[in-house]
Amino acid sequence: MTVTCESLEEVEALAAESICRVESWMQNAKLQIAHHKTEILLVSNRRAVQHVGITVGEHTITSKREVKHLGVMIDNRLKFNSHVDYACEKAAKAISALSRIMPNNFGPSSSKRRLLASVSSSILRYSGPAWITALQTQRNRAKLRSTARLMAI
């Protein structure tokens, strides 16, 4: 659900109202919201990081700096730096795990190296159109290059 307002008070009020509506609809459908899994991301272009808290039932849900949605880390500035870090770490772990199970004598065959490269590049490219703007910074390009270097080695 998305709520757009000018002030934090309006955001809190509209978000709480929307969550209550969703919750009442779900109760009519004999479903429940997992409040402990509910997350709030406050996207803003202001310099100071703002936080908001919404109380629903017995639970207070506070805003986070980043949330994971469908495997993509979305941060509060929509810069996707955290996603690049997350994807590079995940690809590096996959490279490390796959390279450990490959034979050490004479190195892996070219087909096995291709498999290793395709697995890690798929991890790095997952949902690329959503976070492609993150490649505008030198930091993120260097991070992706270093992970790609692990594949090459």
**Item:** Neighbours by Cβ (under 7 Å, 6+ apart or cross-chain): first from the stretch 27-55, assigned to a helix (DSSP H, G or I) and open to solvent by 90 Å² or more (accessible area, probe 1.4 Å); second of a type in the set (S, T, N, Q) and modelled with pLDDT of 75 or more
**Value:** none
**Asked** Take the residues of the stretch 67-105 that are open to solvent by less than 80 Å² (accessible area, probe 1.4 Å) and of a type in the set (D, E, K, R): which is modelled with the lowest pLDDT?
**Response** Arg77
**Message:** Lys143 - would you say it is open to solvent by 30 Å² or more (accessible area, probe 1.4 Å), more than 28 Å from Ser44 (Cβ to Cβ) and either polar (S, T, N, Q) or at pLDDT 85 or above (or both)?
**Reply:** no
**Asked** Can you find even one residue in the stretch 5-12 that is surrounded by 11 or more Cβ atoms within 10 Å (Cβ to Cβ) and in contact with an Asp or Glu (Cβ under 7 Å, 6 or more places away or on another chain)?
**Response** no
**Item:** Pair list, Cβ under 6 Å, 6 or more apart: the stretch 10-24 residue modelled with pLDDT of 85 or more, other residue buried (at least 16 other Cβ atoms within 10 Å of the Cβ)
**Value:** Leu14/Val3
**Prompt:** If Met1 satisfies every condition in (1) in a loop (DSSP other than H, G, I, E, B); (2) of a type in the set (A, V, I, L, M, F, W, C); (3) modelled with pLDDT of 80 or more but one, which is the exception?
**Reply:** (3)
**Item:** Near pairs, Cβ below 6 angstrom, 6+ apart or cross-chain, from the stretch 106-121 (surrounded by 11 or more Cβ atoms within 10 Å (Cβ to Cβ)) to any residue that is at pLDDT below 75
**Value:** Pro108/Met102; Lys112/Met102
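The values are calculated or read from the model by the stated rules, or taken from the named source; none is laboratory data. This one's a predicted model, so the numbers in the text were calculated from it and none came from an experiment. Ideal geometry is used to build each Cβ from the backbone, glycine not excepted, and the neighbour counts take in all protein chains shown. Side chains are part of the model used for accessible areas, which takes the heavy atoms of the whole protein and leaves out ligands, DNA and RNA. Shrake-Rupley method; radii C 1.70, N 1.55, O 1.52, S 1.80 Å.
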